[in-house]
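Here the structure is laid out as structure tokens; the discussion comes afterwards.
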Amino acid sequence: MASYSGSKDDYLKRLRRIEGQVRGIARMVEDDKYCIDVLTQVAAVTKALQAVSLGLVEDHMGHCVVNAARESDEAGDAKVREAAEAIARLVRS
């Protein structure tokens, strides 16, 4: 079971809203809207995706990492490494 399963509906709702925002940005480009207005919307979508990412990281740490640490030191270390690598990918993006 995924660590976010308790928040799955919330994540899906947020992602659908983001999907709508992205479609809106595409329409703005199709309609030759002012580039700064398009960039403003891109920034809003980026921020919304970052919020989803942070929520998923928090869920992962609070569930998967904690449960693995209870299982064994090795399993806990592996999950911490996995989380650190995921966080590094988010920071680089």
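The values are calculated or read from the model by the stated rules, or taken from the named source; none is laboratory data. Since the model is a prediction, treat every value here as computed from it, not as a measurement. Note: ideal-geometry Cβ built from the backbone for every residue, glycine included; neighbour counts use all protein chains shown.
For the stretch 75-85, give me each residue that is charged (D, E, K, R) and touching a helix residue (DSSP H, G or I) at 6+ places or on another chain (Cβ under 9 Å).
Step one: list which residues in the stretch 75-85 are charged (D, E, K, R), which gives 77, 79, 81-82, 85.
Once the filter is applied, which keeps residues that are charged (D, E, K, R) and touching a helix residue (DSSP H, G or I) at 6+ places or on another chain (Cβ under 9 Å), the stretch 75-85 yields Asp77, Lys79, Glu82.
Pairs under 6 Å by beta carbon, first residue under 28 Å from Gly55 (Cβ atoms) in the stretch 10-34, partner surrounded by fewer than 12 Cβ atoms within 10 Å (Cβ to Cβ), six or more apart or different chains?
Pairs that qualify, where the first residue is under 28 Å from Gly55 (Cβ atoms) and the partner is surrounded by fewer than 12 Cβ atoms within 10 Å (Cβ to Cβ): there are none.
Would you confirm whether any residue within the stretch 80-91 is at negative phi, touching a His at 6+ places or on another chain (Cβ under 9 Å) and of a type in the set (Lys, Arg)? Steps first, answer last, please.
Of all residues in the stretch 80-91, those at negative phi come to 80-91.
Then keep just the ones that are touching a His at 6+ places or on another chain (Cβ under 9 Å); that gives 82-83, 86.
This time we only want the ones that are of a type in the set (Lys, Arg), so: none.
No.
In the stretch 45-67, how many are of a type in the set (D, E, K, R) and surrounded by 15 or more Cβ atoms within 10 Å (Cβ to Cβ)? If you could, list the steps in order and put the result at the bottom.
Our first condition is that a residue be of a type in the set (D, E, K, R); within the stretch 45-67, this holds for 47, 58-59.
Keeping just the survivors that are surrounded by 15 or more Cβ atoms within 10 Å (Cβ to Cβ) gives 59.
Within the stretch 45-67, residues that are of a type in the set (D, E, K, R) and surrounded by 15 or more Cβ atoms within 10 Å (Cβ to Cβ) number 1.
Give the residue that is modelled with the highest pLDDT, with candidates limited to residues of the stretch 1-56 that are under 30 Å from Asn67 (Cα atoms) and assigned to a loop (DSSP other than H, G, I, E, B).
For the stretch 1-56, the residue satisfying everything is Tyr4.
Looking at Ala78, Ala88, Ala68, which is the one that is within 20 Å of the chain's Cα centre (by Cα) and either among the acidic types (Asp, Glu) or assigned to a helix (DSSP H, G or I) (or both)?
Working: Ala78 fails: within 20 Å of the chain's Cα centre (by Cα); Ala68 fails: within 20 Å of the chain's Cα centre (by Cα).
Ala88 is the lone residue from the list that is within 20 Å of the chain's Cα centre (by Cα) and either among the acidic types (Asp, Glu) or assigned to a helix (DSSP H, G or I) (or both).
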